[in-house]
Amino acid sequence: MQVNKPNQMDKKSMLQLNGIYLAPYMQLATELIGKARHAGGNMFRHQIDTMGILIDYGYIDSVLLKAATVHDVIEDIEGFDHNRIINVDEDGEDVYRLVLEVTKRQGEDKKAFLRRIIEQGSQKAKVLKCADRISNMISLGFVTDPKFIERYCDETEYFILPLAIEVDFNMYQELINLIITRRKYLEDSGYIERKKAGLEN
């Protein structure tokens, strides 16, 4: 799989992307339009953003891009019929398996979920989770809740950076930069000083 960020898409990748049957997966993802995000926007846009980040990093793999397009539908749409993914096309079963890898299971807390991906996740699941987190960390720039930002930065540092350094050093570098900028916001806003002074619960 591609690990070096390309300067631009070459013709071979363009033709490969042209042959990927994405529209039906995008149609499934539109059911997330009504699901608001903490930073604004909706979950449908997040699916497309995650797919775009993968392409930005040179990943032109049909199963990976299709899974990115629907990676939150099982978790965020109550009663979603997984057969709707499986029956889309010849990649459907592989797409569904990949989506399951990056979906939190019933009764599984966030830390256990992320540890599972670190310890048991496939290469594609790890790459997808890194792209997903890059999208989330960028969106974090629009969040004003300092406790949420701190928790998310900690989670990214402890769980996502180990994934990124294993699968894609360029993603790892971007995630580090995003953590730095978010932590700087916490310092500049006075949150860190207030916390040290015991003024933040």
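The values are calculated or read from the model by the stated rules, or taken from the named source; none is laboratory data. Keep in mind that what you see is a predicted model, and the values were worked out from it rather than measured. In this analysis, Cβ positions are derived from the backbone assuming ideal geometry, glycine residues included, and neighbour counts consider all displayed protein chains. To get the accessible areas, we keep the full protein, side chains included, count just its heavy atoms, and leave off ligands, DNA and RNA. Shrake-Rupley method; radii C 1.70, N 1.55, O 1.52, S 1.80 Å.
Ignoring ligands, DNA and RNA, what percent of the 1.4 Å accessible area of the chain is carbon and sulfur? Mind dumping the intermediate values first?
Working: 5170 of 10620 Å².
That share works out to 49 percent.
Run the simple label-point estimate for residue 87 and residue 120 please: 7 Å along Cα→C-beta, distance reported in nm.
Each label point is offset 7 Å from its Cα along the Cβ direction, giving 2.8 nm.
Tell me the per residue accessible area of the stretch 38-152 using a 1.4 Å probe; a whole number in Å² is fine. Can you show the working numbers first?
Details: 4990 Å² over 115 residues.
Accessible area per residue, the stretch 38-152: 43 Å².
Among all lysine pairs in the stretch 45-201 that are eight or more places apart or on different chains, how many have alpha carbons less than 17 angstrom apart?
Number of lysine pairs found: 16.
Which GluC sites (Glu not before Pro) in the stretch 32-134 sit in a loop by DSSP (not H, G, I, E or B) and have at most 11 other Cβ atoms within 10 Å of their own Cβ? Walk me through the intermediate numbers first.
Values: sites: 75, 78, 90, 93, 101, 108, 119; in loops: 78, 90, 108.
Filter output for the stretch 32-134: 78, 90.
Could you list which residues have their amide H under 5 Å from that of residue 60, counting only those 5 or more apart in sequence or on another chain, with H placed in the peptide plane?
Placed amide hydrogens put 2 under 5 Å from residue 60.
Which is farthest toward the positive dipole end of the stretch 1-104 among 62, 86, 103, measuring Cα position about the Cα centre, with Cβ charges +1 (Lys, Arg) and -1 (Asp, Glu)?
Checking the options against the dipole of the stretch 1-104, the answer is 62.
Leaving ligands, DNA and RNA out of it, work out the accessible area of residue 169 with a 1.4 Å probe and give it in Å² to the nearest 10.
So the heavy atoms of residue 169 present about 110 Å² to solvent.
Using +1 on the beta carbon of Lys and Arg, -1 on that of Asp and Glu, and nothing else charged, what's the dipole of the stretch 1-87 about the Cα centre, debye to 20?
Working: 8 positive and 10 negative charges, 68 e Å.
It comes to approximately 320 debye.
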